[in-house]
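What follows draws every value from the coordinates through simple rules; no lab data is involved. The structure presented is a predicted model; accordingly, all values stated were derived computationally and were not measured. Every residue, glycine among them, receives a Cβ derived from its backbone with ideal geometry; neighbour counts consider all protein chains shown.
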Amino acid sequence: MAMSSALQNGLIQLQLFEEYSWVFNLLFYVIFVVFIFYGQRIQMYVMLREVEGSLFKLKYIKDEGRKIAIETIKEIGKPQTDPAVRVDRFLEYFTIGPQSLDPAGVVWKLEHILDIRDVRFKDEVKLMAPATDDTQAHNLENTLEAAMALNFIYKIIRHFYLLGKKTLSLYIIMQIQMILPLIMREAEAYASALKAFAYGQPIGDGAGALVAAKLMRGHEIRKVPKDCVVATVPIEGRTTFVMKAEGPGGNVGKIGDAIKTVIDENEGKIATIIMIDAAMKLEGEEVGEVAEGVGAAIGGPGVDQFKIEESILKHHIPINAVIVREDIGDAVSPMRKEIFESADKAIERIKQLMLERTKEGDKVIIAGVGNSIGIGQ
Amino acid sequence: MSKTQSNATTRISSFVLLIIFLTLALSLTALILATTFFGQGNEIIAGYLLLIGFIGVALSTYVLFQTRRRMLRLRIEIPPIVTTIECRKCGFKSVREFQRGDYIFKEGEPCQKCNEKMLITAIYREVKDKEKTA
Ligand SMILES: [Zn+2]
C-alpha cells in the first residue's frame, strides 16, 4: 500500500517534469544559439570590461601622480600662485622627434631637440617653483616627467578603449587587451618612480652612478660637460677617470660628452673604457646579478651611445660593460637592497677586468651610467 | 573630458552592481521556492530550482568579490625605505627611516658618541619576498 502510493507520487512528479521539460530544452537551445551567434561579442564585452577596469586604475594612478607633483611643488617650491594650472599644462607637453627620411646627422638633430626640451622643462620648473635649489629643481623635473608619462599612458589606453567601444571592433579591443598587463606594470613602475623622485630617493637605475660614487669617494672631483663629475682615482696601479652624472639631484648627465672630454684631454691615450649600467633583466634572472660584456652600456634616446661609439672608434679604444640586472619596476622605483649590495660586486668585477685587460700605468675611464638621484659624490 | 569619463565608469559600475544584486535576489527566491516545492513533494523541480539558485548565488558573490578585490588593489603601497648612517671615526652605525633631503654620501648629522660628522652610506628599500620566488 505504502509502496504503491510512493510509486504514484513518483509518477505524478515525473508527469510534472515532463510538462515542464520543454522549458529546460528550449532554454538549452536558446543558450546554444546565443553563444553561436554572439559568442565573439560576449567575449568582446568581457575584454572591454577588463580594459575599463585597468583604465579606471590608470586614472587613479595618474591623478595620484599629479597630486603628488603639485603637493611637492607647493612644499618645496613656495609658489605665489596655485601651480595646478601650470602643472596641467606641463602634463600635456609633447616633443616631436626629428625627421629620419634622410638619416645622416639625425643624431645631432635629436640631441638639439632634446636639449631644447630640457631647457624648456627647467625654465618651466623654475617658474612653477621659484624657491628650489638646483638639486630640488632636478628632482621636481623628474617628478613632473614621470607624471607626464603616466598621463600619456592613460590617454593612450583611453583612446583605444573609446575607439574600441565606438567601433566595436574585436581587433582594436584585442590588441590593447593583450598588451595591457605589460602597460600596467610600466604604469605602476612610473607611479613608484614619481614618489621616489618627489622625495629624492635613489632609484634602481642609479646602480651605475652608485658604483662610480663609491669609487670616486674621497678623491678630488671636478665638473665636466654636461652635468657630469669626474675624479682621477688610482686603482690597482692604473690611473682611472671615474665619472658619473652630478648628484644628488635627479639627473642622467651627458656621459657621452664627458667621455669625449676625458679622451680628448688625454689625446686618445686611454687603454680601455668600462661602463657600468643597470640593464633589463629577463624573468627568472636574479635581481642585482652582475654580468659583463662589451659595448657601450647606456640607455636613453641613443645620442650618448652614438657619441661614445664615435669617440672610441676615432682612437680605437676597447670598451667593456658591466651591468647590474633589474626589471623595469626595480629600475625606476627606490633602490632595492639587492641592487645596492651589487655595487660592491660590480666594483670587484671592474678591478678584475682592469687586471686582466690593462697593464700597470694605463689610463682607464670608468663611467657609471644612470640617474644620480639621491646619490652624492 | 576626463570628468565625463569618470562619470561613465562610475555609472557602469553601479549598473553592474545592480545586476549583481538582482541576480542574487532572484537566486535567493529560487532557493526559497525550492524549499516550498520540496515541502509539496515535487523533488525534481525543487532540485532544479536548488541548482539554479546555488549557481546564481555563487556567480553573483564571485563577481562581487572580484570588483571588491579590484578596488583593494588600487592602493599603491609605499615600501619602507631605510637610511644607514655611519661614523667613520668610531664606526657607530645607525639605521633610520628615510627623510627628505637624505642622499648617499651626505655628510652632516653629528655622531652620538664622538660628535664627529656622520656619513650616509646606504639608502635602500627591502622587498619582502612574497610573490617573487625567482
Ligand atoms: Zn662617532
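Per the Debye formula on identical point scatterers at the alpha carbon atoms of region A:195-284, with no solvent, log10 I(q)/I(0) at q = 0.12, 0.16, 0.17 Å⁻¹ is -0.40, -0.69, -0.76.
Helix-only mean residue ellipticity at 222 nm, the protein assembly as shown, DSSP H runs n ≥ 4 weighted -39,500 (n - 2.57), per residue, nearest 500. What is it? Kindly include the intermediate steps, with their values, before the conclusion.
Numbers: 12 runs with 296 residues, N = 511.
That calculation yields -20500 deg cm²/dmol at 222 nm.
Can you pull out the GluC sites (Glu not before Pro) in region A:130-235 that DSSP calls coil and that have at most 15 other Cβ atoms within 10 Å?
Details: sites: A:Glu141, A:Glu145, A:Glu186, A:Glu188, A:Glu220; in loops: A:Glu220.
Loop-located and lightly packed - A:Glu220.
Determine the relative contact order of chain A: mean sequence separation of Cα pairs under 8 Å and six or more apart, normalised by residue count, in whole percent. Averaging sequence separation for qualifying contacts and normalising by length gives 20 percent for chain A. Scattering from region A:204-368 was approximated by placing one identical point on each alpha carbon and applying the Debye formula without solvent; log10 I(q)/I(0) at 0.14, 0.15 1/Å stands at -0.64, -0.74. Applying D = kT/(6 pi eta Rh) to region B:81-125, where Rh is the Kirkwood radius over alpha-carbon pairs, T corresponds to 4 °C and eta to 1.567 mPa s, the Stokes-Einstein value obtained is 126 µm²/s.
Projected onto its three principal axes, the C-alpha set of region A:180-220 covers 48, 20, 9 Å, listed from the longest axis down.
Less than 5 angstrom separates the built amide H of B:Glu109 from those of B:Met118, all sequence-distant by 5 or more or on a different chain. What the Cα atoms of region A:165-235 give is an Rg and a Dmax of 21.4, 66 Å. Computed log10 I(q)/I(0) for region A:40-199 at 0.14, 0.18, 0.19, 0.21 Å⁻¹: -0.81, -1.04, -1.09, -1.18, from the Debye equation with unit scatterers placed on every C-alpha and solvent omitted.
Residue by residue along B:94-103, Cβ atoms of other protein chains within 10 Å of the local Cβ number 5 on average. About its Cα centre, chain A has a charge dipole of approximately 620 debye under the convention of +1 per Lys or Arg Cβ and -1 per Asp or Glu Cβ, with nothing else charged. Cα extents for the protein assembly as shown along the principal axes, largest to smallest and rounded to whole angstrom: 113, 59, 53.
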